[in-house]
Amino acid sequence: MAADEYDMARLYEYQGKQILREAGLDVPEGGVAATPEEAFAIAGRLDKPVAVKAQVWTTGRFKAGGIRFAKTPDEARQAAAELLGGRIKDFPVEKVLIEEQLELAHEFYAGIIVDASHKVRAPVLMFSTQGGVDVESVAEEHLARQAVDILEGFRLDDARRMVESLLKVEEASRLFNLPEEAGRLFYGELAQSLVSLYEVFRRCDARSAEINPLVATKDGWIVAADCRISIDDASVARHPELGITVPRESNTPPTALDVAAWKIEENDYRGISFFAQMAPDTRGGGFIGYHAIGGGGALLAADTLVRNGLKLANYAETSGNPTAAKVYRTARLVLGQPDLDGYCLLGAVIASQDQWHHAHGLLRAFRETLTDRPGFPVIVLIAGNKEEEALEILREGLSTLPVRFELFGREYIHRLDFVARRMKEMVEEYRSENRPLSLWERARVRAEENQKSESDTPYSPLSPHPNPLPKGEGTLTERYPFRTGEVIVHRQQCVGCRSLACVKACSLYGGYLYRVKNGKMILGIPLEIVPRQCTECLACEYECHLRGQGALDIMLPMDLP
Amino acid sequence: MAILLDENTKVLVQGITGREGSARSRFMAAYGTRIVAGVTPGRGGTMVGSFPVYNSVHEAVGRHGAFDATVTFVPGLMVKEAVVEAVDEGIPLIVMPVERVPLHDALTLLAYARRKGTRVLGPGSFGLISPGRAVIGWIGGSEDFANEIFRPGHVGVISRSGGQTSTLSWAIGRAGLGISTAMHVGGEPVVGLSPAELLPLFESDPETHAVALFGEIGTVAEEEAAEVIAAGRFTKPLAAYIAGAGVRPGMRFSHASAIVERGRGTAENKIKVLREAGARVVERPEDLAPAMAEMLIAN
Ligand code: SF4
Ligand code: SF4
């Protein structure tokens, strides 16, 4: 499989060509169609033989049947009807590009990537006289490359030198059977198209940009016949005009959960949350939700689970000092997958961040999803700063739930096989028990009964967020909005609370928001600075429910598909 | 001695008034780092703990004289300007814990720093620590934790994985050894200081007797490190582990990156060239620290 099939923050061919055109490059005449009728209209307007190209993020479209040729508008409509709504290599075809067919004289290749090596560490422009094929297979002598000093830019002279190094002016004239003067012109055009490509690369914050083939037509034009542009993940926020939903790599289109996961990341820049659904359909069971901390050990740990016979519904990760709220949202997505038979968090890393935030975030997600799943297997391996405290919080919190759980600390970072085997055993025990249907399963059964027609949807949404519980309607509630949610205190229910657990929790784990006045908890800071000061550690809610009177709830809105 | 950082290194904190900036400054100072001042545009004249805040690096330098290092706790979308400022003021080492720096910004700031001879650790670096002396970045967490995980000693640690910097250092401690300096080179697609540049620094540090490298698939960082060893610019024992052997290569850049790397960048190739250069490469991460201990005893 070609490497760039994993790119997700990628532009469709028609989007890329639009941008190339704006930068002054010629692209084939045409238009994009979402229906056969539109295809018919575009082909009619072009009034010549056309290519109908499925707009999907994959290479090898031609071989996969994603490109058709049509002589008449009727044929174009027919081709579009066949392609639209279908799939090319697993990618759904929602649009087709209708373009004039080109008469090729020669195919070139032009591309830019970033060379991260210490010696280069710069964009590298590549040009080849052998385009239209897999560029990896082109021999070195037909490939010119040049690292670009990003502070200086890439100029026409540089481009000319690159083109010249592979193709002499006389050769160009001969190759295309043109008089020398025309050869020279044509030559300049080639160089100019490299410069334009570099401009596009810079303008869209691209990670890579390729035109393959860059075509010389028989009537002497240089045209970008196909293009692939992928945008740097971290720059997507700068380019709302590109309409990218999930800026990351994957070998499948984003699922609804993937999109929801990206929103978590987009709305909160503290720490990293990553989620990718690996098995969008987990019916039949035996899948576990997988959650890791830290990139380095995460893949290794996932490999260990798979090697020990476990099936992973997803790959998720929270690292780099995320808030408890972010951990909660990520774990909530993991646990929100249907029909899971276990949840496993492997933080196979001595993490510098305070791990009790992970504990609070996880418990919030567990309490929301596992109260009605007796025996559900949970394994958490967590290590690093505040490791013992985190394990203790988890032990206490998980003991209030009907699940089976095991907790591991740093001594097991290098004994992952043992942990994986325990997970496997717990999953098997759980599956062999005569367990009641989970909320999920019940929801699904109901949904399936309700809408047999739409059996395409693998499952229906989970039960709504159980918090906040409506408490004493009409009584006094206080709301303290923070950055990604809000604290709600039901004052009535606070009366007589001796524990003042919320106050202690906030000063130990959080941001010193509360104070005690006349034996009562009060907000100790102005409401406006709550968003700055609240660290979203979720400890006040947890402690209030465990040791206080359950008067404090935290709303953490998220889009659950 | 350690490399790049010790108790005398005079450090500036850019973005000191933010959540991370202020919390980390306190911890770094408690650990022993010589934090002198901070910068947040628009917040000049205030204090964060005992550290004065300035509007610009220029102002801070004017008041306190030259700095040896700066650390940027500035969001990725804005960090380029902060780095350019620090480079312009002649600060020789910039530590960038920030993640998700736009790629073109990273390329630009690294090119700018290179032109002026400034060293950049990161972006996306957890930081560096010279145990018992000083720390810059996230690494270490809290004072107690840092003391427990990072023991002073004679092994240099270079890691391409953030979390594994601590994990490996902890394992090295358990193997009865200690650390001279440990650093995470950064997890972003392009980063500044690379193993190839760090090895010669460790070579000239008399306190470092050997180096442990936690490598990863992708890019050619380990290949370039092997070249440095083969060229005789690093002659001390080196033990390495390469993570991600089971992962398909090329998940990051497009098709065309295969042309640049031409077969390099895979775990097999990294292991091969490192071994050819004379390094010891272990198969499992847990074997790295014991291998290091063995090599040092043999030496
Ligand atoms: S712990 Fe809960 S019940 Fe007690 S004072 Fe705090 S919010 Fe009220
Ligand atoms: S109010 Fe305090 S305890 Fe509650 S989430 Fe915010 S910082 Fe944490």
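Would you check if A:ALA144 is open to solvent by less than 60 Å² (accessible area, probe 1.4 Å), without any contact (Cβ under 8 Å) to a residue 60 or more places away in the chain and either in a strand (DSSP E or B) or away from chain B (no Cβ under 11 Å) (or both)?
For A:ALA144, the condition - open to solvent by less than 60 Å² (accessible area, probe 1.4 Å), without any contact (Cβ under 8 Å) to a residue 60 or more places away in the chain and either in a strand (DSSP E or B) or away from chain B (no Cβ under 11 Å) (or both) - is met.
Residues that are within 11 Å of ligand 1 (Cβ to nearest atom), crowded, with 22+ Cβ neighbours inside 10 Å and of a type in the set (Val, Ile, Thr): find the helices (runs of 4 or more DSSP H) completely inside the stretch A:489-561 holding 1 or more of those.
In the stretch A:489-561, A:501-509 are the helices (runs of 4 or more DSSP H) which contain 1 or more residues that are within 11 Å of ligand 1 (Cβ to nearest atom), crowded, with 22+ Cβ neighbours inside 10 Å and of a type in the set (Val, Ile, Thr).
To keep it simple, each residue is scored yes or no on (1) under 25 Å from A:ILE113 (Cα atoms); (2) more than 14 Å from chain B (Cβ to nearest Cβ); (3) buried (at least 16 other Cβ atoms within 10 Å of the Cβ); (4) acidic (Asp, Glu).
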| site | (1), (2), (3), (4) |
| --- | --- |
| A:ILE19 | yes, yes, yes, no |
| A:PRO28 | yes, yes, yes, no |
| A:THR35 | no, yes, no, no |
| A:ALA39 | no, yes, yes, no |
| A:GLY60 | yes, no, no, no |
| A:ILE67 | no, yes, yes, no |
| A:ALA70 | no, yes, yes, no |
| A:ALA81 | no, yes, yes, no |
| A:PHE91 | yes, yes, yes, no |
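Suppose we filter A:ARG367, A:ARG415 for residues that are assigned by TED's automatic domain parsing to the domain that holds A:ILE293, open to solvent by 10 Å² or more (accessible area, probe 1.4 Å) and without any contact (Cβ under 8 Å) to a residue 24 or more places away in the chain; which single one remains?
Going through A:ARG367, A:ARG415 in turn, just one is assigned by TED's automatic domain parsing to the domain that holds A:ILE293, open to solvent by 10 Å² or more (accessible area, probe 1.4 Å) and without any contact (Cβ under 8 Å) to a residue 24 or more places away in the chain: A:ARG415.
Which of the residues belonging to the stretch A:94-151 are more than 29 Å from the chain's Cα centre (by Cα) and under 30 Å from B:LEU198 (Cα atoms)?
Residues satisfying the conditions are A:LYS119, A:ARG145, A:GLN146, A:ALA147, A:VAL148, A:ASP149, A:LEU151.
Going by the structure shown, is A:GLU164 open to solvent by 10 Å² or more (accessible area, probe 1.4 Å), part of a helix (DSSP H, G or I), closer than 18 Å to A:LEU20 by Cβ and at pLDDT below 90?
When the stated conditions are applied, A:GLU164 does not pass them.
If you go through the stretch B:1-33 one residue at a time, how many are touching a residue at least 60 places away in the same chain (Cβ under 8 Å), of a type in the set (A, V, I, L, M, F, W, C) and more than 13 Å from every other protein chain (Cβ to nearest Cβ)?
9
Inside the stretch B:134-146, can you point out the residues that are more than 9 Å from chain A (Cβ to nearest Cβ) and either free of Cβ contacts under 8 Å to residues at least 12 places away in the same chain or β-branched (Val, Ile, Thr) (or both)?
B:VAL135, B:ILE136, listed by residue number.
Can you tell me which of A:GLY295, A:GLY284 is modelled with pLDDT under 85 and within 14 Å of chain B (Cβ to nearest Cβ)?
Of A:GLY295, A:GLY284, the one residue that is modelled with pLDDT under 85 and within 14 Å of chain B (Cβ to nearest Cβ) is A:GLY295.
Suppose we keep only residues that are free of Cβ contacts under 8 Å to residues at least 12 places away in the same chain and under 39 Å from the mean Cα position of the chain (by Cα) within the stretch A:494-539. Which one would you say is nearest to ligand 2 (Cβ to nearest atom)?
Here the answer is A:SER507.
Would you confirm whether or not the stretch A:216-228 contains a residue that is within 11 Å of chain B (Cβ to nearest Cβ) and open to solvent by less than 80 Å² (accessible area, probe 1.4 Å)?
There is at least one residue in the stretch A:216-228 that is within 11 Å of chain B (Cβ to nearest Cβ) and open to solvent by less than 80 Å² (accessible area, probe 1.4 Å).
So which residues in the stretch A:25-62 are among the small types (Gly, Ala, Ser) and closer than 24 Å to A:TRP221 by Cα?
Correct list: A:GLY30, A:GLY31, A:ALA43, A:GLY44, A:ALA51.
Sort through A:TYR290, A:TYR315, A:TYR328 and tell me the only one that's away from chain B (no Cβ under 14 Å), of a type in the set (Phe, Trp, Tyr) and under 24 Å from A:GLU429 (Cα atoms).
Only one candidate qualifies: A:TYR290.
So, restricting to strands (runs of 3 or more DSSP E) that lie completely within the stretch B:29-84, which ones have at least 1 residues that are in contact with an Asp or Glu (Cβ under 9 Å, 6 or more places away or on another chain) and crowded, with 18+ Cβ neighbours inside 10 Å?
Where strands (runs of 3 or more DSSP E) fall fully within the stretch B:29-84 and carry at least 1 residues being in contact with an Asp or Glu (Cβ under 9 Å, 6 or more places away or on another chain) and crowded, with 18+ Cβ neighbours inside 10 Å, they are B:34-39, B:69-72.
Give me the residue from the stretch B:55-106 that is among the basic types (Lys, Arg) and under 19 Å from the mean Cα position of the chain (by Cα) and, out of that set, farthest from the other protein chains (Cβ to nearest Cβ).
Within the stretch B:55-106, the match that is farthest from the other protein chains (Cβ to nearest Cβ) is B:LYS80.
Take the stretch B:147-170 and flag every residue that is at the interface with chain A (Cβ under 10 Å from one of its Cβ atoms) and surrounded by fewer than 24 Cβ atoms within 10 Å (Cβ to Cβ).
B:GLU148, B:TRP170
Test A:GLN55 against the stated conditions and say whether it is in the same structural domain as A:ARG203 (by TED's automatic domain parsing) and in contact (Cβ under 8 Å) with a residue 24 or more places away in the chain.
no
The values are calculated or read from the model by the stated rules, or taken from the named source; none is laboratory data. Here the structure is a predicted model, which means the values were calculated and not measured. Don't worry about glycine lacking a Cβ; one is built from the backbone with ideal geometry, like all the others, and counts go over all protein chains shown. Surface areas here come from the heavy atoms of the whole protein model, side chains and all, with no ligands, DNA or RNA. Shrake-Rupley method; radii C 1.70, N 1.55, O 1.52, S 1.80 Å.
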